[in-house]
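Take a look at the structure below.
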């Protein structure tokens, strides 16, 4: 289990991370989502000890993550801006990384075929998508306990994305690998994440199991006979209100059945539907709550 | 997934990765040190030295390239995310570069062997190896301290030259001292500092290049320096946060560089113009230069023309410290400015205008000239150095010193060309040395103070010490006996025509008589004392008078002559001129 406790970091005078708390269970796929520049990559780099935090600490399976603790040997990080050593082929890089990890040759060869990647092609001459696949193949072949993927599916076509998720889910299921994925593609994460942390301006706004989050944040649409005053609903925790014609669409936390009862007690309900919310919608709602995207 | 003990395999891998560099370096070194000199049939030694310079550059570039992963965000993230601690990665680079260095040195040795050159050329290795090792470690240290590879290169050179920069700043303080405390010379202080306290010849291993064999100091100093730099590397690895915050990632080091670098330009200015611009103007200009240099350096390092409050604070504090150190040095020196030693405590003294002579004597006393296998008298004779050991002479020098402290002028003739550095040195019986350098101003008319100085100078010129050393071929019986000494008479405007060639034995008495007479009541005695005899007579004066010179030489065989001295026979040499008539 990966836990990040009260992690804070300043770059000069700029507070990049503030009191970050993250808990990712063993065998869980954790989606780290957030606005641009909110500190997702910085958080991942702290886990890998690329950066050193000013405050807070990180543990994995109860052991504090430190550059020299040795626990880091179970981590693998695929960064957003990929770097490959000059003139290296995937095969050469595999053998180089073999000096540091117990790389699985079997998995490597299987994934090469699965993604149809030429292992003898110089990595820096590959397309962006091929490079992502190459980096992903290496990360899986390294068989880490904690895999950090930063914008891994960014720029990939739908077929490759699907292949990525298939491989990842299989690895998680087979080896109980913990995966932290930072991504902007919330629709993709919606399908595979067990848990989500929403970041904004260096803080974690909300961290929850995705199912629970979806249970907590609900959307209903309703219409009543006659005039409706929103003030009537002030006892409910309404996050967002949209009115289209005579139909109100509310995003709220709490029990929607009570809302329905409340409305029925005061109005004649013409329409009341519970709508399912996607991760993207939850994300927009959460960030909207802190004013993001609503600047004038 | 489990990490193995992977240092050795990674080192081997790292060396293997160097194969293109190795190939290129081999071609460069062999081409320069073997092929080109062979084709040109040129001096192979010079080309070996070229090869050594190339080796230095190759190792330096390699170190920077290997450590450049610290300066690129994605590269850094890639390597730092691997289960190899930063310390191990740096050690790996150091080890790889050390092996690369050994390989290149071996190539140079092979070139020397193939060409059958004298192995003495490899003496330079005694200095080169420590330099290369230091460069490898300093490149790693500088890369850790910097956020940019070019800056890391610049910082490597800065760190390598740091002892020299400190020396420059010290010299800056000495030039201020020279201009504020009478008798103190920046050059003398600097010589003393370099020769006795701040031994850069040891630190840079320069002294071992010329035949000096490797000694215990070398064997101790080399590992001490390497360990010191390694400890700094270890310390800064622990403290490096890796975020790219500028050209230099440690604020402390940034200010250290800026403060020292901003002193280089004013120091260089002050040292260069110490004799031409008065101290007030010089300090004012130096302060302006320091402020400007600091601003430019900070603006460059911080990539902003807006200087931060903390940068201003650091500069002000540094300048206060610099002023305090300089002020204290001046205050301490002031306490000794009137010091004239008790003649009883003096073993030997020197007066003249040649500070070089004092350094030479010091070196002789430290056995630096042991290899020449000469006694002190003979050694001094070869260098035209005169010292005084006689009690009366030392007493007269002390008196003269007191007079100089009272009045820093001397009487001069109109055609005197104006050397005005007057140096007094005492070698004390307790082993210490006192050196003073006074800047004397030539003055006309003649004053009472001049008379006292001339009187004391006359006493010194008539002393046995002086004559025996300056005119050894006339006054040193030990030297004179058993030698074939001769004198050639020539006209000053016709050096090729020998008018007379006489045995000095015949001329000795009349020449001694003239010299004795000249020094008695000579109103130019003071100038005579601190300049070489007759030097204040220019060619015109000699031509105006008799225009004769006397060349003294020793006939070592029928074919060989050993030139000893030249005396300008002016009108005062009555007896000698009469002899030749």
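The values are calculated or read from the model by the stated rules, or taken from the named source; none is laboratory data. Small disclaimer: the values here were computed from a predicted structure and weren't measured. Positions of Cβ are generated from backbone atoms using ideal geometry, with glycine treated the same way; all protein chains shown enter the neighbour counts.
Yes/no matrix, rows are residues, columns are (1) surrounded by fewer than 20 Cβ atoms within 10 Å (Cβ to Cβ); (2) out of contact with any helix residue (DSSP H, G or I) (no Cβ under 9 Å at 6 or more places or on another chain):
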| site | (1), (2) |
| --- | --- |
| A:120 | yes, no |
| A:127 | yes, yes |
| A:165 | yes, no |
| A:168 | no, no |
| A:201 | yes, yes |
| A:205 | yes, no |
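Within the group A:188, A:227, which residue is under 13 Å from the mean Cα position of the chain (by Cα) and either outside any strand (DSSP E or B) or without any contact (Cβ under 8 Å) to a residue 12 or more places away in the chain (or both)?
The match here is A:188.
Considering only helices (runs of 4 or more DSSP H) fully contained in segment B:1-112, which possess at least 1 residues that are more than 14 Å from chain A (Cβ to nearest Cβ)?
Values: elements: B:7-17, B:19-30, B:36-40, B:44-67, B:73-80.
Filter on segment B:1-112 gives B:19-30, B:36-40, B:44-67.
So the check is Cβ under 6 Å with 6+ separation or different chains; which pairs have a first residue in segment A:4-24 that's farther than 12 Å from residue A:39 by Cα and within 14 Å of chain B (Cβ to nearest Cβ) and a second one that's surrounded by 15 or more Cβ atoms within 10 Å (Cβ to Cβ) and modelled with pLDDT under 95?
These pairs meet every condition: A:12/B:245.
Going through segment B:113-126 one residue at a time, which ones are assigned to a helix (DSSP H, G or I) and buried (at least 16 other Cβ atoms within 10 Å of the Cβ)?
B:121, B:122, B:123, B:124, B:125, B:126
What pairs come up if the first residue lies in segment A:256-270 and is on the phi < 0 side of the Ramachandran plot, the second is exposed (fewer than 14 other Cβ atoms within 10 Å of the Cβ) and in a helix (DSSP H, G or I), and their beta carbons are under 9 Å apart, counting only those six or more places apart or on different chains?
From residues that are on the phi < 0 side of the Ramachandran plot, the pairs are A:262/A:232; A:263/A:232; A:266/A:232; A:267/A:232.
For residue B:422, all conditions in the list (1) surrounded by fewer than 17 Cβ atoms within 10 Å (Cβ to Cβ); (2) at pLDDT below 90; (3) closer than 24 Å to residue B:361 by Cα hold save one; what is the number of the exception?
Condition (1) is where residue B:422 drops out.
So residue A:32 passes all but one of these: (1) within 21 Å of the chain's Cα centre (by Cα); (2) more than 9 Å from chain B (Cβ to nearest Cβ); (3) loosely packed, with under 15 Cβ neighbours inside 10 Å. Which condition number does it fail?
Evaluating residue A:32 over (1) within 21 Å of the chain's Cα centre (by Cα); (2) more than 9 Å from chain B (Cβ to nearest Cβ); (3) loosely packed, with under 15 Cβ neighbours inside 10 Å leaves (3) as the failure.
Condition check: outside the structural domain of residue B:425 (by TED's automatic domain parsing) and either touching a residue at least 24 places away in the same chain (Cβ under 8 Å) or under 26 Å from the mean Cα position of the chain (by Cα) (or both). Does residue B:358 satisfy that?
no
Out of (1) under 27 Å from the mean Cα position of the chain (by Cα); (2) part of a helix (DSSP H, G or I); (3) surrounded by 13 or more Cβ atoms within 10 Å (Cβ to Cβ), what's the single condition that is false for residue B:349?
In the conditions (1) under 27 Å from the mean Cα position of the chain (by Cα); (2) part of a helix (DSSP H, G or I); (3) surrounded by 13 or more Cβ atoms within 10 Å (Cβ to Cβ), residue B:349 misses (2) alone.
Taking residue A:179 as meeting all but one of (1) outside the structural domain of residue A:7 (by TED's automatic domain parsing); (2) surrounded by 18 or more Cβ atoms within 10 Å (Cβ to Cβ), write down the number of the exception.
(1)
Of the conditions (1) within 14 Å of chain A (Cβ to nearest Cβ); (2) surrounded by 15 or more Cβ atoms within 10 Å (Cβ to Cβ); (3) in a helix (DSSP H, G or I), residue B:242 satisfies every one except a single condition; which number is it?
Every listed condition holds for residue B:242 apart from (3).
Do you know which of the residues in segment A:75-87 that are within 21 Å of the chain's Cα centre (by Cα) and either assigned to a loop (DSSP other than H, G, I, E, B) or within 7 Å of another protein chain (Cβ to nearest Cβ) (or both) is surrounded by the fewest Cβ atoms within 10 Å (Cβ to Cβ)?
The extreme case among them is A:81.
Conditions first: (1) more than 21 Å from residue A:31 (Cβ to Cβ); (2) modelled with pLDDT of 95 or more. Residue A:147 passes all but one, so which condition is the exception?
The number of the failed condition is (1).
Quick check on segment B:255-262. Is at least one of its residues part of a helix (DSSP H, G or I), without any contact (Cβ under 8 Å) to a residue 40 or more places away in the chain and surrounded by 14 or more Cβ atoms within 10 Å (Cβ to Cβ)?
yes
Please give the number of the condition residue B:71 fails out of (1) free of Cβ contacts under 8 Å to residues at least 24 places away in the same chain; (2) closer than 30 Å to residue A:41 by Cβ.
In the conditions (1) free of Cβ contacts under 8 Å to residues at least 24 places away in the same chain; (2) closer than 30 Å to residue A:41 by Cβ, residue B:71 misses (1) alone.
For residue A:145, indicate whether it is surrounded by fewer than 20 Cβ atoms within 10 Å (Cβ to Cβ) and touching a strand residue (DSSP E or B) at 6+ places or on another chain (Cβ under 9 Å).
Working: surrounded by fewer than 20 Cβ atoms within 10 Å (Cβ to Cβ): yes; touching a strand residue (DSSP E or B) at 6+ places or on another chain (Cβ under 9 Å): yes.
Answer is yes for this residue.
Looking only at segment A:47-74, filter to residues that are in a helix (DSSP H, G or I) and in contact (Cβ under 8 Å) with a residue 12 or more places away in the chain; which one of those is surrounded by the fewest Cβ atoms within 10 Å (Cβ to Cβ)? First the steps, then the outcome.
Initially, segment A:47-74 is screened for residues in a helix (DSSP H, G or I), giving A:47, A:71-74.
The next check asks that each one be in contact (Cβ under 8 Å) with a residue 12 or more places away in the chain; those that pass are A:47, A:72-74.
Working: A:47: 23, A:72: 24, A:73: 21, A:74: 23.
In this case the residue turns out to be A:73.
For the condition surrounded by fewer than 19 Cβ atoms within 10 Å (Cβ to Cβ) and within 11 Å of chain B (Cβ to nearest Cβ), what is the one hit in A:116, A:102?
Result of the check over A:116, A:102: A:102.
Any residue in segment B:341-354 that is modelled with pLDDT of 90 or more and more than 22 Å from residue B:188 (Cα to Cα)?
So far as segment B:341-354 goes, yes, one or more of its residues are modelled with pLDDT of 90 or more and more than 22 Å from residue B:188 (Cα to Cα).
Please determine whether any residue of segment B:402-410 is touching a helix residue (DSSP H, G or I) at 6+ places or on another chain (Cβ under 9 Å) and crowded, with 21+ Cβ neighbours inside 10 Å. Before the answer, list the steps.
Keep residues of segment B:402-410 that are touching a helix residue (DSSP H, G or I) at 6+ places or on another chain (Cβ under 9 Å), which gives B:403-404, B:406-407, B:409-410.
Next, from what is left, pick out any that are crowded, with 21+ Cβ neighbours inside 10 Å: B:404, B:410.
Yes.
Hey, does segment B:33-44 have a residue that's crowded, with 19+ Cβ neighbours inside 10 Å and modelled with pLDDT of 90 or more? Steps first, please.
Taking segment B:33-44 first, the residues crowded, with 19+ Cβ neighbours inside 10 Å are B:33-34, B:37, B:44.
Adding the requirement that they be modelled with pLDDT of 90 or more leaves none.
No; the residues of segment B:33-44 include none that is crowded, with 19+ Cβ neighbours inside 10 Å and modelled with pLDDT of 90 or more.
Any residue that is within 14 Å of chain A (Cβ to nearest Cβ), more than 30 Å from residue B:302 (Cα to Cα) and either in contact with a strand residue (DSSP E or B) (Cβ under 7 Å, 6 or more places away or on another chain) or not in a helix (DSSP H, G or I) (or both) - is there at least one of those in segment B:135-157?
Among the residues of segment B:135-157, not one is within 14 Å of chain A (Cβ to nearest Cβ), more than 30 Å from residue B:302 (Cα to Cα) and either in contact with a strand residue (DSSP E or B) (Cβ under 7 Å, 6 or more places away or on another chain) or not in a helix (DSSP H, G or I) (or both), which makes the answer no.
Kindly establish whether residue A:96 is within 10 Å of chain B (Cβ to nearest Cβ) and modelled with pLDDT of 95 or more.
No, not satisfied.
Could you identify the single residue in A:169, A:160, A:137 that is modelled with pLDDT of 95 or more, in a helix (DSSP H, G or I) and either closer than 23 Å to residue A:112 by Cβ or within 14 Å of another protein chain (Cβ to nearest Cβ) (or both)? Steps first, answer last, please.
Working: A:169 fails: modelled with pLDDT of 95 or more; A:160 fails: modelled with pLDDT of 95 or more.
When all the criteria are applied, what remains is A:137.
Within segment A:219-245, track down each residue that is surrounded by 13 or more Cβ atoms within 10 Å (Cβ to Cβ) and under 22 Å from residue A:285 (Cα atoms). Before the answer, list the steps.
Our first condition is that a residue be surrounded by 13 or more Cβ atoms within 10 Å (Cβ to Cβ); within segment A:219-245, this holds for A:219-224, A:228, A:232-233, A:236, A:238-240.
Hits for segment A:219-245 are A:219, A:220, A:221, A:222, A:223, A:232, A:233, A:236, A:238, A:239, A:240.
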